[in-house]
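Here's the structure we're looking at; comments come further down.
No value in this document is a laboratory result; all are computed from the given coordinates. Note that the structure is a prediction, hence the values are computed from the model and not measured. Neighbour counts run over all protein chains shown; Cβ positions are idealised from the backbone, glycine included.
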Ligand code: SAH
Ligand code: SF4
């Protein structure tokens with residue numbers, strides 16, 4: 001059959017969709033050119049905020065009305081359970097985020113309608129990667145690798161532990177084997193995924209920094225990224241791994257959520273503003289250029305103007321390089337959802353806009369400090385906005401673009417040395433260094 005997968009939500013979902021793609025290819029199915037052309041369309045859903053869930057359900061409903069075999073997978077399935085059929089009476093199958101490995105079997109048996117919510121199982125195919133149709137694209141040289149699934153942190157606002165289940169770490173040997181196999185196939189950059197990767201602990205006792213050290217030794221691999229990181233895991237052992245492992249990119253995505261101690265305590269984040277700043281300072285003491293990015297929630301229950309101002313000042317004090325701002329959305333069953341969602345919608349919107357404007361200013365200031373420096377940039381391909389330019393990322397995950405005679409012919413995954421000429425809030429514009437031009 002011809003299949004198509006639509007993915008909503010985080011990188012973990014992107015990775016799970018890739019695994020499903022690989023499992024379906026292995027079972028003899030073929031990826032279609034688009035959803036219209038597909039016999040089966042699978043929607044990988046997110047439920048971290050209500051809007052995210054509504055998008056996936058809306059898309060599925062639309063596809064069901066087109067008479068296709070439609071399957072829903074991911075976090076919304078686990079949250080909705082049997083209610084999936086109330087929202088989507090014509091859906092063929094629905095599988096939770098820890099049982100996507102069942103999809104090929106469900107299709108083979110034609111067992112519709114079918115619901116597999118799952119609980120804490122380890123999905124089949126965690127190491128399955130699609131291979132077809134990727135040559136020459138960045139997807140052929142960059143790969144996500146799952147190192148942990150689930151989460152046991154139980155932050156007050158978050159539904160992830162309910163839908164993704166308990167934290168489970170993959171054995172270190174399995175992760176190293178997967179990365180080695182990817183590198184042998186030409187992958188240059190891996191991004192290790194988990195909800196809280198710094199909590200990683202392999203069954204043989206391997207810590208996350210120790211895992212980084214093992215991956216540093218994988219031949220052919222050039223860059224190692226990871227996400228997300230809880231600030232409490234920012235230890236000396238982690239900094240030492242950064243120092244000793246040049247393949248580990250100089251970037252840390254360190255979600256802070258709020259700059260107000262009162263709100264942080266209520267969220268159950270288990271760190272204070274000062275501790276967050278100390279974690280960032282520790283990283284910057286090792287490398288002043290290390291990029292620190294973050295997630296923030298605005299309009300958490302009871303968030304006052306003073307709490308919000310504390311968040312603004314924290315992001316500035318920490319010199320955050322990029323931030324992702326989320327408007328608080330109550331999620332059923334979470335501790336925070338028991339409290340009134342008392343920040344009005346317009347006020348959440350205003351706080352969101354204020355933080356975005358702050359980020360533009362701060363991003364410009366931080367990027368301006370890099371003008372004149374030379375960055376090692378991994379080539380991703382022609383820039384989406386201007387096809388006469390090449391685009392890629394530096395070790396800090398900053399987007400860099402530069403003029404190039406023949407962008408379409410450039411080797412994706414190669415490293416270019418680019419001198420930064422201009423800074424913008426979200427990108428750096430540069431030129432290729434003379435030493436590169438042969
Ligand atoms: N495990 C990751 C985050 C996963 S969810 C971590 O802790 O770093 C991704 C982001 O969504 C969170 O960092 C948070 O900023 C946001 N988020 C989670 N629940 C939310 C909610 N109920 N409302 C708004 N944003 C939320
Ligand atoms: Fe949610 Fe907190 Fe777990 Fe992140 S660490 S997934 S925010 S409960």
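Here are a few things to note about the model shown:
- Three-way shape call for the stretch 308-399 based on the alpha-carbon gyration tensor, with the a/c threshold at 1.5: prolate
- DSSP bridge orientation in the chain - percent antiparallel, rounded to nearest 5: 35
- Rounded to the nearest 0.05, the FRET efficiency derived from the C-beta distance between residue 262 and residue 131 at R0 = 56 Å is 0.65.
- Estimated 222 nm signal from helices in the chain, with DSSP H stretches of n ≥ 4 weighted -39500 (n - 2.57), rounded to 500: -10000 deg cm²/dmol
- Estimated Rh, the stretch 1-114: Kirkwood, alpha-carbon pairs, angstrom: 13.7
- When peptides 303-310, 425-432 are sorted by average Cβ neighbour count within 10 Å, with the highest value leading, the order is 425-432, 303-310.
- Residue order, fewest to most beta carbons within 10 Å, for 251, 230: 230, 251
- Distance from the alpha carbon centroid of the stretch 271-289 to that of the stretch 102-119 works out to 47 angstrom.
- Packing around the peptides 206-213, 32-39, taken as the average count of other Cβ atoms within 10 Å per residue, puts them in this order, highest first: 206-213, 32-39.
- Tensor-based shape of the stretch 142-368 (alpha-carbon gyration tensor, a/c under 1.5 rounded, otherwise prolate or oblate): prolate
- Bridge type composition, the stretch 171-292 - antiparallel percent by DSSP, nearest 5: 10
- Backbone N within the stretch 238-281 under 12 Å of label point (7 Å from residue 216 Cα along the Cβ vector): 238-249
- Per-residue Cβ neighbour rank within 10 angstrom, fewest leading, 384, 282, 31: 384, 282, 31
- Judged by the mean number of other Cβ atoms found within 10 Å, the most tightly packed of the peptides 263-269, 367-373 leads the ranking 263-269, 367-373.
- Ranking of 2, 68 by count of other Cβ atoms within 10 Å, fewest first: 2, 68
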